[in-house]
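In what follows, a single structure is set out as structure tokens and then discussed.
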């Protein structure tokens, strides 16, 4: 047990030392990491701005039911509204509704193409449905979603054979979107910058881990378990040799003159 504990402690110490080496390495390369962060952000921003076509999302909202009696809502109205919200989410996507929208607007697309542009969701726990259409043309996105909700509120109740209190109404028509919904320029810039910095950091770490050369006395002690007696300092050996030779020759001449 003692030997196992010692091995565990030794392994943890070695791991800690390695992590410290990585930390010191990355700190030494901080300038390169910052440079990679900036360059990655610039490249990602340029690609997003120049090569990715912006898309716009227009959203209309449908209200599921009115009061069953007068202007007072009872519990059954809420239950019916919750159930119809889920039904309408799927029924709006049926082929006859989409085909009617395509014919009315003379769209050059098939049912599957339009389906990819449409997103339908229930707004929170309410009885509101948010119907959204995404397209490269903001005006076309608005036209499609408004035509879609107009078609849905007239076509689907007939399919469901719904009563008057179960028929939806249009709570809000879509307006032409001013700002693109995608791509997100700021998000892409940050993502590109972080990815570039991490990539450069990984390259530095991998190069350090693959470098098995012994550069310091600590490396020798770590590898062989012994401390070297001396370390040869770095420098230009040729220049040092010339200076030493000149000093030795001068010293010999002084000794000869003394003799």
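Looking at 85, 66, which one is at pLDDT below 90, surrounded by 14 or more Cβ atoms within 10 Å (Cβ to Cβ) and either part of a helix (DSSP H, G or I) or out of contact with any strand residue (DSSP E or B) (no Cβ under 8 Å at 6 or more places or on another chain) (or both)?
Details: 66 fails: either part of a helix (DSSP H, G or I) or out of contact with any strand residue (DSSP E or B) (no Cβ under 8 Å at 6 or more places or on another chain) (or both).
Within the list 85, 66, the selection yields 85.
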_The one condition in (1) modelled with pLDDT of 80 or more; (2) farther than 30 Å from residue 203 by Cβ; (3) within 35 Å of the chain's Cα centre (by Cα) that residue 33 fails to fulfil_ = (2)
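Residue by residue through the range 187-212, note down the ones that are part of a helix (DSSP H, G or I) and modelled with pLDDT under 85. Spell out the reasoning first.
Let us first name the residues in the range 187-212 that are part of a helix (DSSP H, G or I), namely 187-210.
The answer is 208, 209, 210.
Can you go through 215, 184, 165 and tell me which one is more than 30 Å from residue 42 (Cβ to Cβ) and at pLDDT 60 or above?
Details: 184 fails: more than 30 Å from residue 42 (Cβ to Cβ); 165 fails: at pLDDT 60 or above.
Criteria check complete, one pass: 215.
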_Kindly evaluate residue 160 against the criterion of being surrounded by fewer than 17 Cβ atoms within 10 Å (Cβ to Cβ), under 30 Å from residue 18 (Cα atoms) and either more than 38 Å from the chain's Cα centre (by Cα) or at pLDDT 70 or above (or both)._
no
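The values are calculated or read from the model by the stated rules, or taken from the named source; none is laboratory data. None of these values were measured; they are calculated from a predicted model. Glycine gets a Cβ as well: all are built from the backbone with ideal geometry, and neighbour counts include every protein chain shown.
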